[in-house]
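Trainee: First, the structure itself, so that you have it in front of you.
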Amino acid sequence: MITWMQRHKKWLIITIWISTIAFVGAGFVGWGQYSYGNKAGAVAKVGNVEITNGELQKTYSRLYAQYNQMFQGNFDEEKAKQFGLDKQALQQLIQQALLINLAQSYDLIVSDEEMIEALKQQKAFYKNGAFDKETYKLVLSQNRLSIKEYETELRKELLIQKTLKLLPVKTSKNEENILNTIFNIADKINYKVLALDDIQVSVDNEALKKFWQKQKNNFMNDVVYEVTFIKVAPVTKKFSDTEIATYYKENRTHFKGSDGKILTLEAAKEKVLRELNAKAMKDKALRTYIAFKKNKLPDTVKPQSTQISKSNNPFNEQTLDTISKLALTKPYTKPININGTYYVFELTKTIPAKPKSFEEAKAEILPLYITQKKKEKLMKLVNDSVNTFIGKTSDFLTVTSVDKLAPLSKQEAADFLQKLFVSDKKRSYIGLNNEKVVLYNILEQKLLTNKNNNVSDTVAKLKNTLFNEGLIKTLQNKYQTEIYIQGL
């Protein structure tokens, strides 16, 4: 799945007119380490349009929910990093901002009537078969969105849609006929599938050692950080009724029930106490941090020592990341909340990474060595047999015949057919996913007379994709983009 997603990532990024409602109901994903400044702070500016950190966080969260659905709940922050989800989120917002600049240049606006009509189309806000204002407020509240935030985002989406309607992409009969002809070119082939899994190799320890020797710098031990740390003891204080009432009054919007309404003081009391204790705990952690830095810890507080690395991490990834950025000249972390408990760390020594020994790296090297040897044997077999092989004979195949090439999966068959119909060789081979090779020999070719009923839609989608790509490139040249976050 990851391979497929990475290969098609640019098509995910190009969806510039995201449906805002897809976000409502998906819930928030914590931005985690990608939190920059306050929510209102600008992270980029495109032409006259600023992109705020709040917009970036919400778009990241929306993308995360979409990927998580594709991965059937098995998507996490590690995969998010692999796909550059933060960059995708910013790219979507930049493309959106480019189109808004274009809309502004045409003096386009979205009227209140247009927005109300769009709201009435959102089924998430329906009750008893019709739009319901209270349901609307409740759904937004449950997703930590204000009405103003949601309607501002919706106006942007409607403005983009209105702008794109001014630039319609039309198809012609000739284009449809050309594509229909392409879809009807059919080949009958003789083919044979050779797979990496079918190749057997023996492992020679000396050969394996030579393989490791050439690339041993790719197999390093982890950087190890020696630290001392203070674990701040929990705080449970008694608060007066006045303190409780004052805190509730100042922070009453924190305390809502399942219906989205603010709880009474009596109903919210336990939550108020938890927040007060959490605040007291944070204050204590900050005082401990200052005392630790100044070497003025009480005699009763004894720092502990440990080592932390990527493979030996008794805390969490965020803690390791924070410690790795420390310098011996400024070795202390501010208090870090780990599962509800605060820790303060002092970096005492950094042990740099070094190449693993052969024995240490052997478990990692072995599968790479086996895969390389299998590929070498597979390609030798391919070259030795491509001109003489005898395999299965297919029916007449078109570029869409993805279910007629057993034992290939539909995705593999689609990949093979796309490459087959652009090849100029009658007998050759086509590699798939670095794991399979299909030997083929074209026996016969003809033009079918089938009419593809979806060809008009296909041409329209293809032209729209090409037009949108061209439009974005044109707007990028017209409107300057400034990004204020390093690394994005």
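The values are calculated or read from the model by the stated rules, or taken from the named source; none is laboratory data. What you see is a predicted model, and the numbers here were worked out from it, not measured in a lab. We place every Cβ from the backbone using ideal geometry, glycine too, and count neighbours over all the protein chains shown. Accessible surface is based on the protein model in full, side chains and every heavy atom, while ligands, DNA and RNA are left aside. Shrake-Rupley method; radii C 1.70, N 1.55, O 1.52, S 1.80 Å.
Trainee: What angle, in degrees between 0 and 90 and rounded to the nearest 10, separates the Cα long axis of helix 358-385 from the longest principal axis of the Cα atoms of the chain?
Mentor: Relative to the chain, helix 358-385 is tipped by roughly 20 degrees.
Trainee: For the range 289-342 and the range 348-362, what is the centre-to-centre distance using only Cα atoms, to the nearest Å?
Mentor: Between the Cα centres of the range 289-342 and the range 348-362 lies a distance of 23 Å.
Trainee: Next up: At 1.4 Å probe size, with no ligands or nucleic acids counted, give the accessible surface of LEU273 in Å², nearest ten.
Mentor: My reading of the accessible area for LEU273 is about 50 Å².
Trainee: Per 0.36 nm of contour for each residue apart, how much would the distance between GLU482 and ALA460 grow if the chain were fully extended, relative to their Cα-Cα spacing? Spell out each step's value before the answer.
Mentor: Details: separation 22, 0.36 × 22 = 7.92 nm, distance 3.34 nm.
Residue separation times 0.36 nm, minus the Cα-Cα distance, leaves 4.6 nm.
Trainee: Can I ask one more? May I ask you to derive the FRET efficiency for LEU447 and GLU134 from their Cβ-Cβ distance with R0 = 56 Å, giving the value to the nearest 0.05?
Mentor: E(calc), rounded to 0.05, equals 0.35.
Trainee: Find how much the distance from LYS354 to ALA245 grows on full extension, using 0.36 nm per residue of separation minus their present alpha carbon separation; answer in nm with one decimal.
Mentor: Numbers: separation 109, 0.36 × 109 = 39.24 nm, distance 5.80 nm.
Taking 0.36 nm per residue and subtracting the Cα distance, the gain is 33.4 nm.
Trainee: Hey, if you drop one equal point scatterer on each alpha-carbon of the range 219-324 and run the Debye formula without solvent, what base-10 log of I(q)/I(0) do you get at q = 0.10 Å⁻¹?
Mentor: So the normalised log intensities work out to -0.50.
Trainee: Hey, could you get me the Stokes-Einstein D for the range 77-227, Kirkwood radius over alpha-carbon pairs, 10 °C and 1.306 mPa s, rounded to whole µm² s⁻¹?
Mentor: It comes out at roughly 68 µm²/s.
Trainee: I've got another one for you. Which FRET efficiency value, to the nearest 0.05, do you get for ASN177 and ALA406 by plugging their Cβ-Cβ distance into 1/(1 + (r/R0)^6) with R0 = 22 Å?
Mentor: Efficiency computed from Cβ-Cβ geometry: 0.10.
Trainee: By how many degrees, between 0 and 90 and to the nearest 10, does the Cα long axis of helix 85-105 differ from the longest principal axis of the chain?
Mentor: Approximately 90 degrees, to the nearest ten.
Trainee: Further, regarding this structure: Counting Lys and Arg as +1 and Asp and Glu as -1, what is the net charge of the other residues whose Cβ lies under 11 Å from the Cβ of ILE189?
Mentor: Summing Lys and Arg as +1 and Asp and Glu as -1 gives +3.
Trainee: Against the globular-protein guess of 2.2 N^0.38 Å, express the Cα radius of gyration of the range 139-267 as a ratio, rounded to two decimals.
Mentor: Details: Rg = 33.9 Å, N = 129, 2.2 N^0.38 = 13.9 Å.
The value comes to 2.43.
Trainee: Enter the angle in degrees (range 0 to 90, nearest 10) between the Cα long axis of helix 205-214 and the first principal axis of the Cα atoms of the chain, meaning the one along which they spread out most.
Mentor: Tilt relative to the chain: about 70 degrees.
Trainee: Once the piece of chain linking LYS271 and LYS231 is laid out straight, how much longer is it, given 0.36 nm per residue of separation minus the C-alpha distance between them?
Mentor: Separation in residues times 0.36 nm, less the Cα-Cα distance, equals 12.0 nm.
Trainee: In whole Hz and in residue order, list the ³J(HN,Hα) couplings for the range 472-479 that follow from phi through the Karplus curve 6.51 cos²θ - 1.76 cosθ + 1.60, θ = phi - 60°; x for Gly and Pro.
Mentor: Whole-Hz 3J(HN,Hα) from phi for the range 472-479: 4, 4, 4, 5, 4, 6, 8, 10.
Trainee: Still on this structure, I have one more. Convert 37 °C to kelvin, take the viscosity as 0.692 mPa s, use the Kirkwood radius over C-alpha pairs of the range 369-488 as Rh, and evaluate the Stokes-Einstein diffusion coefficient in µm²/s, rounded to a whole number.
Mentor: In µm²/s, the coefficient rounds to 178.
Trainee: Now for a different question. Enumerate the lysines that LYS425 could reach by cross-link, defined here as Cα to Cα under 25 Å, with residues fewer than 8 away along the same chain left out.
Mentor: LYS188, LYS192, LYS375, LYS377, LYS380, LYS392, LYS404, LYS410, LYS436, LYS446
Trainee: Taking 19 Å as the cut-off for C-alpha to C-alpha distance, list the pairs among LYS209/LYS356; LYS170/LYS478; LYS81/LYS419 that go past it.
Mentor: Those over the limit are LYS170/LYS478; LYS81/LYS419.
Trainee: Let me ask something else. How far apart, in nm, are two points set 7 Å out from the Cα along the Cα-to-Cβ line at TYR126 and at THR253?
Mentor: 3.2
Trainee: Could you compute the longest span of the chain free of trypsin sites (Lys or Arg not before Pro) located in DSSP loops and having at most 16 other Cβ atoms within 10 Å, not counting the site residues?
Mentor: By the stated rule (loop sites, at most 16 other Cβ atoms within 10 Å), 40-143.
Trainee: Kirkwood-based Rg over Rh for the range 293-414 (C-alpha set), two decimals?
Mentor: Working: Rg = 28.3 Å, Rh = 21.2 Å.
Answer for the range 293-414: 1.33.
Trainee: Please give the Cα centre distance for the range 97-134 versus the range 370-425, rounded to the nearest Å.
Mentor: 50
Trainee: Any idea what diffusion coefficient the range 157-222 gets from Stokes-Einstein, in µm²/s, Kirkwood Rh on alpha carbon pairs, 37 °C, 0.692 mPa s?
Mentor: Answer from the Stokes-Einstein relation: 166 µm²/s.
Trainee: Reported to two decimal places, what Rg/Rh ratio describes the chain when computed on Cα atoms with Rh from the Kirkwood expression? Walk me through the numbers on the way to the answer.
Mentor: Details: Rg = 30.2 Å, Rh = 28.8 Å.
Dividing the radius of gyration by the Kirkwood radius yields 1.05.
Trainee: Excluding residues on the same chain fewer than 8 positions from LYS173, give the lysines whose Cα lies under 18 Å from its Cα.
Mentor: LYS451, LYS461, LYS463
Trainee: Extending each Cα 7 Å along its Cβ direction at GLU117 and LEU167, get the distance between those two points in nm, one decimal.
Mentor: 2.3
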